[in-house]
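One structure is given below, encoded as structure tokens.
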Amino acid sequence: MIADDHTIVRQGMRKLLETYPELQIVGESQDGDETIELVKKLLPEIIIMDISMPGLNGLEATREIKKRSPEIKILILTMHAEKEYIFKILQSGASGYLLKGSAIDELVTAIHAVDRGESYLSPPISKSIIEDYVGGRQKSRGSVTRSQPLTTREREVLQLIAEGHTSKSIATQLSLSSKTIETHRSHIMQKLNIHNAAGLIRYAIQRGWVEVAHS
């Protein structure tokens, strides 16, 4: 399901996504209130949600939908990359945060990721979270939990994920298929008992596997 107040954006996105046979668009909405009402009728598995919509905005709609139907995955697609939006959206229960400047392939990758129960963040968003963590601005850094050791390849994949690379980019760098990278990603999450991208980033930073340039 697509929720965006711009008709051209909704129609364009729908047309592109319908070229992927595994995806089915069950409905469209143009504001938060309409989205909530349609969710009751259509019961979509995933909602692609804009933040800035008239009436009830995407943030409030996400909170309301997750409260009523926690099994529904919500992928935020927006032009906003400010930290105030990032953390509010992640706290609202959204499974992913994608910038509108992203390519359609990345959107489809994000849809598949949240469908598997994982989180997905655009590379610029991942970078922002890393910088915020290193700068000490997060209130809760989380503790290091016991986990199974990662293989050399899994550690390599995790480092690239934490650096903000997409699965497609990692696959190219390591001369592997995107499907193989997604399998590694799932194994990493299972071994570390971490179920979102922000947690993977924190884990990599805690172990010094990711270097962040300070401005």
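The values are calculated or read from the model by the stated rules, or taken from the named source; none is laboratory data. Model, not experiment: these values are computed from the prediction. So basically every Cβ, Gly included, is an ideal-geometry build from the backbone, and we count neighbours across all protein chains shown.
If you go through the stretch 42-89 and keep only what is basic (Lys, Arg) and either more than 18 Å from Val26 (Cβ to Cβ) or in a helix (DSSP H, G or I) (or both), you end up with Arg63, Lys66, Lys67, Arg68, Lys83, Lys88. Counting only residues that are surrounded by fewer than 18 Cβ atoms within 10 Å (Cβ to Cβ), part of a loop (DSSP other than H, G, I, E, B) and either of a type outside the set (Val, Ile, Thr) or not assigned by TED's automatic domain parsing to the domain that holds Lys67 (or both), the stretch 1-41 holds 8 of them.
The residues of the stretch 138-151 that are modelled with pLDDT of 85 or more and polar (S, T, N, Q) amount to a single one, Thr151. Within the stretch 52-100, the set of residues being more than 15 Å from Gly32 (Cα to Cα) and at pLDDT below 85 comprises Met79, His80, Ala81, Glu82, Lys83, Glu84, Tyr85, Ile86, Phe87, Lys88, Leu90, Gln91.
For the stretch 157-179, enumerate the residues that are of a type outside the set (A, V, I, L, M) and surrounded by fewer than 21 Cβ atoms within 10 Å (Cβ to Cβ). Matches in the stretch 157-179: Gln159, Glu163, Gly164, His165, Lys168, Ser169, Thr172, Gln173, Ser175, Ser177, Ser178, Lys179.
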